[in-house]
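Below: the structure, in structure tokens.
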């Protein structure tokens, strides 16, 4: 393992294979935490989902322990690991970890300073706490979808990224864990963190929700400046069929844009509702006269808040991102050499050695159990019984 950084010395046990919790441990590992992925032996029923080798950055710089948590010996081995760890992350439905004997109370009995993070769709309590769901459900229940643009059938457009999983869940959990670790450094006390992805989406929607609560105004597409009410905050097609994003919120940026497009007459009408259709028509005509990249080359550096609507291939080829070392070269025994998103969060070391993505069947179980005092004979016995792999 090559990771080092701001969280060097912190050990995290991650019981999730995919979803928000897996994103959380990805970022904690990028900051230098020692992350141990806990999964079931391959011969056990109900083995967790195995994502493609490239997903979640291939779980680079992480270790793996394969334990049958439904067995007494597997549970006890997990608790031995938890006793020497700082954080546990799990994403089972409420009550499952307690039935397995690895819930917050069980872990706290062997490690009172543990930061135990339970990440679920709707939280540990409430009428929907036991409901199944995925990213789209949480975006829908949190108001995000209704405020998003409309598809061709008039319904809410599907998002282009798993915003709920990544930000509502994964980033919320990471922030909560880091906050709990800071508090523990002062008090010595651990914490239980009830991370609800749906709650996190409401937090992301707070500008709209707070507006409704304070004024009674019902947000939605084209309702406010940030959802496309005005022509200064919209997308426009260019001569080559590619698109631009315009976000000229400040009056001086809007004035710069109008002048550059030859639309000076609209400078003083930025937020006049009755003029928005006419302003959009003028902007569409102007933008349709040249290619997207021509416009970006002129308007990007001219304080107009204009940028390309980039495709994923364009993102990966972007000179700006390349200069900032956003992508790194990795390797995999079957996938060969390939690129992936690197250590790009602020404070991470972006120039680490090229990561090697290991096959999901590779396990560090024996070494990890030895570290917590389980002898080779006991390890061999557990392996023979199918408790570990």
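The values are calculated or read from the model by the stated rules, or taken from the named source; none is laboratory data. Quantities reported herein were computed from a predicted structural model and do not represent experimental measurements. Note that we place each Cβ from the backbone using ideal geometry, even for glycine, and neighbour counts take in every protein chain shown.
Against the conditions (1) part of a loop (DSSP other than H, G, I, E, B); (2) touching a helix residue (DSSP H, G or I) at 6+ places or on another chain (Cβ under 6 Å); (3) surrounded by fewer than 20 Cβ atoms within 10 Å (Cβ to Cβ), residue 50 satisfies every one except (2). Residues in segment 9-41 that are under 17 Å from residue 120 (Cα atoms) and in a loop (DSSP other than H, G, I, E, B): 15, 16, 17, 18.
As a summary of the residue check, residue 154 satisfies the conditions (1) modelled with pLDDT of 95 or more; (2) more than 15 Å from the chain's Cα centre (by Cα) except for the one numbered (1). In segment 355-389, which residue that is assigned to a loop (DSSP other than H, G, I, E, B) and in contact with a helix residue (DSSP H, G or I) (Cβ under 6 Å, 6 or more places away or on another chain) is surrounded by the most Cβ atoms within 10 Å (Cβ to Cβ)? Among them, the one singled out is 387. Screening residue 123 with (1) part of a loop (DSSP other than H, G, I, E, B); (2) within 30 Å of residue 372 (Cα to Cα); (3) within 22 Å of the chain's Cα centre (by Cα) gives one miss only, at (2). Regarding residue 280, is this residue within 26 Å of residue 223 (Cβ to Cβ), in contact with a strand residue (DSSP E or B) (Cβ under 8 Å, 6 or more places away or on another chain) and assigned to a helix (DSSP H, G or I)? Considered against the rule, which asks whether it is within 26 Å of residue 223 (Cβ to Cβ), in contact with a strand residue (DSSP E or B) (Cβ under 8 Å, 6 or more places away or on another chain) and assigned to a helix (DSSP H, G or I), residue 280 comes out as yes.
Inspect segment 344-353 for any residue being touching a helix residue (DSSP H, G or I) at 6+ places or on another chain (Cβ under 6 Å) and assigned to a strand (DSSP E or B) and give the result as yes or no. Among the residues of segment 344-353, not one is touching a helix residue (DSSP H, G or I) at 6+ places or on another chain (Cβ under 6 Å) and assigned to a strand (DSSP E or B), which makes the answer no. The set of residues from segment 170-225 being over 21 Å from residue 114 (Cβ atoms), in a helix (DSSP H, G or I), free of Cβ contacts under 8 Å to residues at least 24 places away in the same chain and more than 22 Å from the chain's Cα centre (by Cα) comprises 210, 211, 212, 213, 214, 215.
Give the residues of segment 362-378 that are at pLDDT 95 or above and over 19 Å from residue 85 (Cβ atoms), sorted by residue number. Correct list: 375, 376, 377, 378.
When each of 35, 96 is tested for being at pLDDT 95 or above, closer than 20 Å to residue 119 by Cα and crowded, with 17+ Cβ neighbours inside 10 Å, the lone residue that passes is 35.
Among the residues making up segment 331-354, those that are surrounded by 15 or more Cβ atoms within 10 Å (Cβ to Cβ) and more than 20 Å from the chain's Cα centre (by Cα) are 332, 352.
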